[in-house]
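J.: Dumping the structure here so I can ask a few things about it.
Derivation of every value follows stated rules applied to the coordinates shown; laboratory data play no part. From a predicted model like this one, the values you see are computed outputs, not experimental measurements. Backbone-built Cβ (ideal geometry, glycine too); neighbour counts: all protein chains shown.
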Amino acid sequence: METRKLVEKAKGILMKSMRITEEEAFKRIQKQSMNKRISMRAVAEAVILAYNINQV
């Protein structure tokens, strides 16, 4: 998947699970990316993976 699509999917997961706005979800992904010094794609993939694991 493209990075943008992964970030969009991760934002959706955060918005739904944390009941936050799209802007806040994006900021959280961006902040984690900067704090951990990893790409936004990696943060998005981690959010998606964690969500999928919790759905099992």
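J.: Expected output is a single nm value to one decimal: the length gained when fully extending between VAL56 and GLU24, i.e. 0.36 nm times separation in residues minus the C-alpha distance. What is it? Display every interim value, and only then the final one.
T.: Numbers: separation 32, 0.36 × 32 = 11.52 nm, distance 2.67 nm.
Stretched out fully, the VAL56 to GLU24 stretch lengthens by 8.9 nm.
J.: Right, something else. Among ARG41, ARG28, ARG19, whose mean-square fluctuation peaks in a Gaussian network model of the chain (Cα, cutoff 10 Å)?
T.: Among ARG41, ARG28, ARG19, the largest GNM mean-square fluctuation belongs to ARG19.
J.: What is the magnitude of the charge dipole of the chain about its Cα centre, with +1 placed on the Cβ of each Lys and Arg, -1 on the Cβ of each Asp and Glu, and no other charges, expressed in debye to the nearest 20? Working shown, then result.
T.: Details: 12 positive and 6 negative charges, 28 e Å.
Here the size comes out at about 140 debye.
J.: Another question, then. So what is the diffusion coefficient of the range 3-54 in µm² per second by Stokes-Einstein at 25 °C and 0.890 mPa s, using a Kirkwood Rh over Cα pairs? Before the final figure, lay out each step's value.
T.: Details: Rh = 10.6 Å.
It comes out at roughly 231 µm²/s.
J.: Using θ = phi - 60° and the Karplus curve 6.51 cos²θ - 1.76 cosθ + 1.60, what whole-Hz ³J(HN,Hα) does each residue of the range 20-34 get, with Gly and Pro shown as x?
T.: Per-residue couplings from phi come out as 10, 6, 4, 4, 5, 4, 4, 4, 5, 5, 4, 5, 4, 4, 5 Hz.
J.: Mind listing which GluC sites (Glu not before Pro) in the chain are in a DSSP loop and have 10 or fewer other Cβ atoms within 10 Å?
T.: Taking the chain and a limit of 10 other Cβ atoms within 10 Å, the loop GluC sites (Glu not before Pro) found are GLU2.
J.: Further, regarding this structure: Run lengths n ≥ 4 of DSSP H only: what is the helix-derived mean residue ellipticity at 222 nm for the chain, with -39500 (n - 2.57) per run over all residues, to the nearest 500? Let's see the in-between values first.
T.: Details: 3 runs with 46 residues, N = 56.
For the chain, the value works out to -27000 deg cm²/dmol.
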